[in-house]
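Right, one structure below, let's go through it.
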Amino acid sequence: MSDPSINIFTDVAEIKSPLTLVSGKVIDEYNLKYETYGMLNKEKNNAVLICHALSGNHHAAGCYNNEKKPGWWDNMIGPGKPIDTDKLYVVCVNNLGGCHGSTGPTSQIPNTQKIYGSSFPIITVNDWVNSQKELMDFLKIPSWRFIVGGSLGGMQAFQWTIQYPSLVKNCIVIAAAPKLTAQNIAFNEVARQAIMKDPNWHDGNYIEKGVVPAQGLSLARMLGHITYLSDESMGEKFGRELKQAKLNFNYDVEFQIESYLRYQGEKFVTGFDANTYLLMTKSLDYFDPIKDFGDSLKEIFKSVKSKYLVISFTSDWRFPPKRSREIVKLLLDNEKDVSYSEINSEGGHDAFLMDNEDYFGVMKSFIDEVNNGI
Amino acid sequence: MAFRKDLLLISSWIRPRSKVLDLGCGDGELLKLLKIDKNINGYGIDNDVMNIKKSLTNDINVLQMDLDDGLGDFESNSFNYVVLAQSLQVVKNPKLLIDDMLRVGDEIIVSFPNMGHWVARLQLLFRGKMPVTENLPYKWQDTPNIHLCTIKDFMDFCKENNYEITEKYIANDKQKKNLFNKVMPNLFGEVATFRIR
């Protein structure tokens, strides 16, 4: 249950300065939908940025009026929780290219009647950080006490520290990796193919045609969902349980896991855009700061002031612990302040969203120390 | 704040502003002491999430890793000191770990409880039972200690492997030296601390 005392402020920042993307394309103006919890203090040193993952959005905590389902990280953010909104000013933004209120493929191209659709440029993690920096200026936040994110969100948090080394005091990178493996990219490619092979795809301009590539998007989500869970957690939750008492010897839904996956796929389609899904998977594939910064990375790290906490989960096979340790090793080699915890969990990649005493305890210990040290 | 006596000894061996890796760091007490006293830059390693939390609370860089996996995440000669304080006996392969410590550190410091202490010897001799003492508080069935040794054993081990002992400190549990543990360290020393290169 969400704490009713959490104060949700939701708004749209209209950014008028053009953003030059890594691809070379330019977005002249754009909106960023964001949410805040807690208050910015007088010293303006208690701001925290939450970066969301592939399917996330700006609504990280609390419940809207008349809604039962809280934000996606409500267990972590709120009064008295590890990210304590009584002490911190928490900001979460729907990423550029998203489909929950920020400018993205479903938005109208300025000064036209046309929807972006597939003409919306591919946004990289680097670009997201630059757009989030615009929001930071918009909100008149001088520095982040910490930036935190899981999965793709963890990549953004990490990227922030090397892109704006002086603006990030602390950084928490959860269930992430310094770059995707061939297997990771392969999963993303199958998801994209599922979407682009849908008869309603229309080269990405399905909105103009008044249709949705629902089959493809739900397949992509089903595939993704499998990789977010672990064999153990799936086995525990569903096992080989049947929907009906006996086998029917046909291709309808028979096992509970089939039913669950179909439900997840269908539910996802109602709240998510296929072009945004494509864009998010591409920015994951492209993420490779070690290669991007090359030889200059060592120099950059000299100016990095952030203290890092890196967290992984034992059953995560999408970004397993050894991938997090690559980040740790990079930080050790550059003599940065870094701590690392490998949380025992059966939750798979999604464990970063789940309750877990050890995980929350580690988060709380680090954040409390950060708060006390100010 | 009062620090453990054996850690104060280790601290006295460490140069100011050096880089220290503490294996089996517990709640981060040694690194905290070294940060205050010697202004060092350090990391601790521990495999217990309780200790990770405590070290974070102590504002210590701490890494949750298993010492039995070795120190593969650390570059050669990347630390001035690698410390293994009272954890040698829980390690699966002491030689592999010490070799790895010597690879990573310019110098290493190892301490352990002495199994050859007279109390332990008497318990085995007269009671016919595995020793349970202040420094070895576990019963045989629930001890994490799988490689207990005596001071003599350890010195033989160093000789066999060509580890150069540059300094040693044999003391009772209050980290005091006295005539007994000076003359017959293997019989009267409770905790042994070695500097090795």
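The values are calculated or read from the model by the stated rules, or taken from the named source; none is laboratory data. Keep in mind it's a predicted model, so treat the numbers as computed, not measured. Counting neighbours? That spans all protein chains shown, and the Cβs are built from the backbone with ideal geometry, glycine included. Surface areas here come from the heavy atoms of the whole protein model, side chains and all, with no ligands, DNA or RNA. Shrake-Rupley method; radii C 1.70, N 1.55, O 1.52, S 1.80 Å.
Comparison of B:Asp106, B:Asp68 shows that the only residue that is assigned to a strand (DSSP E or B) and either away from chain A (no Cβ under 14 Å) or more than 28 Å from A:Glu369 (Cβ to Cβ) (or both) is B:Asp106. Counting only helices (runs of 4 or more DSSP H) that sit completely within the range A:173-283, zero hold 3 or more residues that are touching a strand residue (DSSP E or B) at 6+ places or on another chain (Cβ under 9 Å) and more than 27 Å from A:Glu342 (Cα to Cα).
Residue count for the range A:77-119 satisfying the condition of being open to solvent by less than 20 Å² (accessible area, probe 1.4 Å), assigned to a loop (DSSP other than H, G, I, E, B) and farther than 20 Å from A:Lys16 by Cα: 3.
The residues in the range A:292-306 that are under 24 Å from the mean Cα position of the chain (by Cα) and not in a helix (DSSP H, G or I) can be counted, and the count is 3. If the condition is being closer than 19 Å to B:Phe112 by Cα and exposed (fewer than 15 other Cβ atoms within 10 Å of the Cβ), then the range B:6-58 contributes B:Leu8, B:Ser12. Of all residues in the range A:48-75, those satisfying the criterion of being surrounded by fewer than 24 Cβ atoms within 10 Å (Cβ to Cβ), touching a residue at least 40 places away in the same chain (Cβ under 8 Å) and not polar (S, T, N, Q) are A:Leu54, A:Gly62, A:Cys63, A:Tyr64, A:Pro70, A:Trp72, A:Asp74. Within the option set A:Ser365, A:Ser283, being among the polar types (S, T, N, Q), within 11 Å of chain B (Cβ to nearest Cβ) and open to solvent by less than 30 Å² (accessible area, probe 1.4 Å) holds for one residue only, A:Ser365. The residues listed here are A:Glu232, A:Glu254, A:Glu258, A:Glu241; of these, the one that is open to solvent by 100 Å² or more (accessible area, probe 1.4 Å), more than 16 Å from the chain's Cα centre (by Cα) and of a type outside the set (A, V, I, L, M, F, W, C) is A:Glu241. Considering (1) part of a helix (DSSP H, G or I); (2) within 9 Å of chain B (Cβ to nearest Cβ), the lone condition that A:Ile327 does not fulfil carries the number (2).
Checked across the range A:194-216, the condition of being at pLDDT 95 or above, under 20 Å from the mean Cα position of the chain (by Cα) and more than 20 Å from A:Gly153 (Cα to Cα) holds for no residue.
Considering the range B:71-94, and only residues there that are within 14 Å of chain A (Cβ to nearest Cβ) and among the aromatic types (Phe, Trp, Tyr), the residue that is nearest to B:Val110 (Cα to Cα) turns out to be B:Phe79.
Take the residues in the range B:130-165 that are in a loop (DSSP other than H, G, I, E, B) and touching a helix residue (DSSP H, G or I) at 6+ places or on another chain (Cβ under 6 Å); name whichever of them is surrounded by the most Cβ atoms within 10 Å (Cβ to Cβ). Here the residue is B:Thr150. Restricting attention to the range B:169-197, the residues being in contact with a Gly (Cβ under 8 Å, 6 or more places away or on another chain) and part of a strand (DSSP E or B) number 2.
Residues that are surrounded by fewer than 23 Cβ atoms within 10 Å (Cβ to Cβ), within 18 Å of the chain's Cα centre (by Cα) and not in a strand (DSSP E or B) within the range B:71-86 comprise just one, B:Gln86. Between A:Ser296, A:Ser341, the distinction of being outside the structural domain of A:Glu189 (by TED's automatic domain parsing) and more than 18 Å from A:Ala157 (Cα to Cα) belongs to A:Ser296 only.
For A:Leu309, the stated conditions do not hold, so it cannot be described as assigned to a helix (DSSP H, G or I) and surrounded by 22 or more Cβ atoms within 10 Å (Cβ to Cβ). Taken together, the residues in the range A:312-336 that are closer than 13 Å to A:Phe352 by Cβ, polar (S, T, N, Q) and open to solvent by less than 30 Å² (accessible area, probe 1.4 Å) amount to 3. Scanning the range B:45-53 finds one or more residues that are within 14 Å of chain A (Cβ to nearest Cβ), of a type in the set (Val, Ile, Thr) and part of a helix (DSSP H, G or I).
Listed here are the residues, each with its yes/no results for (1) in contact with a Gly (Cβ under 8 Å, 6 or more places away or on another chain); (2) among the small types (Gly, Ala, Ser); (3) in contact (Cβ under 8 Å) with a residue 60 or more places away in the chain; (4) more than 20 Å from B:Met50 (Cα to Cα).
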| residue | (1), (2), (3), (4) |
| --- | --- |
| A:Asp295 | no, no, no, yes |
| A:Val310 | no, no, yes, no |
| A:Ile327 | no, no, yes, yes |
| A:Tyr340 | no, no, no, no |
| A:Phe352 | yes, no, yes, no |
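Scan the range A:140-158 and tell me whether some residue there is under 14 Å from A:Thr276 (Cβ atoms) and not assigned by TED's automatic domain parsing to the domain that holds A:Trp72. The answer is no, given that none of the residues of the range A:140-158 is under 14 Å from A:Thr276 (Cβ atoms) and not assigned by TED's automatic domain parsing to the domain that holds A:Trp72. Looking across the range A:341-358, the residues that are facing another protein chain (nearest Cβ under 9 Å) and either open to solvent by less than 20 Å² (accessible area, probe 1.4 Å) or among the aliphatic types (A, V, I, L, M) (or both) come down to A:Ser341, A:Ile343.
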